[in-house]
Amino acid sequence: MPCPSALSSEPFPEVAAPLEEVCAPTPRDRAAALMFALSRRPETDGRPVLFAASRVWLGENGRPYGPGLAGAALILTPVSTAAEGLWVLEQALRSGAVSLALGAVDGASLAQTRRLEFAAKEGGSVGLMLPRAPEGLTAARRRWRIETALSAPDAEDPRAPGRTRLAAGMTRGRGERPGVWMMEQDDETHRLRLADRLAGFGPPSIAGTGAATGLAA
């Protein structure tokens, strides 16, 4: 986890690009990566969110808990192959019926991701890929590396976990400088926001990495 001095002083790109990519470096970071991915949905967009994932992925990581997504319905679409997942994402994005379409799909080519980017622009939606690891060149404007972080201190009980935190690192941005931002979950809006740069930092710990993740086994 980055120390405060390693955090970027550049403005955080609040508005998502038509197509972005989010990766989790370790299995324990996948819930944080999914939380970050869901936060890329425009706040005022009430259209549903679609999540396409293979049955193997769902078996390993659990199913997202739909009622935990504030402000929008969740459409969960299990798929059998990467090709099927890419087709589902493209059709959903092009339809304009969803605000955000997530795909836990590996091995997408540059040409396939370009189709997703064009479909997202056509439908006025946001497309987001969740591969297990960054692989090759894609049409995604931004590539994010998401790591879990120690939760924020609880102001009323130092023994209790506070707000969920994660470190969002942009490792590639088209026309943008890479950087790392510390994010935390807002208790009222249930969305991510920039955390205090000076408070609550420390070494990463599996036992202390978080609160609500939105995943249910």
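Within segment 196-209, the presence of a residue that is farther than 23 Å from LEU58 by Cα, at pLDDT 80 or above and not in a strand (DSSP E or B) is excluded. Only a single item in (1) of a type outside the set (A, V, I, L, M); (2) in a helix (DSSP H, G or I); (3) over 18 Å from the mean Cα position of the chain (by Cα); (4) modelled with pLDDT of 90 or more is not met by SER5, and it is number (4). Here GLY71 meets the list (1) in a strand (DSSP E or B); (2) touching a Gly at 6+ places or on another chain (Cβ under 7 Å); (3) among the small types (Gly, Ala, Ser) almost entirely, failing just condition (1). Entry remark, segment 102-112: residues being within 17 Å of the chain's Cα centre (by Cα) and crowded, with 19+ Cβ neighbours inside 10 Å number 4 in total. Within segment 47-70, the set of residues being closer than 19 Å to ASP186 by Cα, of a type outside the set (A, V, I, L, M) and surrounded by fewer than 16 Cβ atoms within 10 Å (Cβ to Cβ) comprises TYR65, PRO67, GLY68. Part of a loop (DSSP other than H, G, I, E, B), at pLDDT 95 or above and β-branched (Val, Ile, Thr), is that true of VAL98? So VAL98 fits the description; yes.
Restricting segment 18-46 to residues that are surrounded by fewer than 19 Cβ atoms within 10 Å (Cβ to Cβ) and not in a helix (DSSP H, G or I) leaves a set whose member that is modelled with the lowest pLDDT is GLU43. Cβ separations smaller than 6 Å between residues 6+ apart or across chains give no pair from segment 166-181 residues that are in contact (Cβ under 8 Å) with a residue 40 or more places away in the chain to residues that are in a loop (DSSP other than H, G, I, E, B) and among the β-branched types (Val, Ile, Thr). Picking from residues in segment 128-146 that are within 11 Å of the chain's Cα centre (by Cα) and part of a strand (DSSP E or B), the one that is farthest from GLY107 (Cα to Cα) is ILE146.
Listed by first and then second residue, the pairs with beta-carbon distance under 6 Å, at least 6 apart or on different chains, first residue in segment 101-128 and at positive phi, second assigned to a helix (DSSP H, G or I) and surrounded by fewer than 22 Cβ atoms within 10 Å (Cβ to Cβ), are GLY107/ALA82. When LEU137 is tested against (1) touching a strand residue (DSSP E or B) at 6+ places or on another chain (Cβ under 9 Å); (2) at pLDDT below 95, exactly one condition is not met: (1).
The values are calculated or read from the model by the stated rules, or taken from the named source; none is laboratory data. All of these numbers come straight from a predicted model, not from anything done at the bench. Using ideal geometry, Cβ is built from the backbone for each residue, glycine included, and neighbour counts are taken over all protein chains shown.
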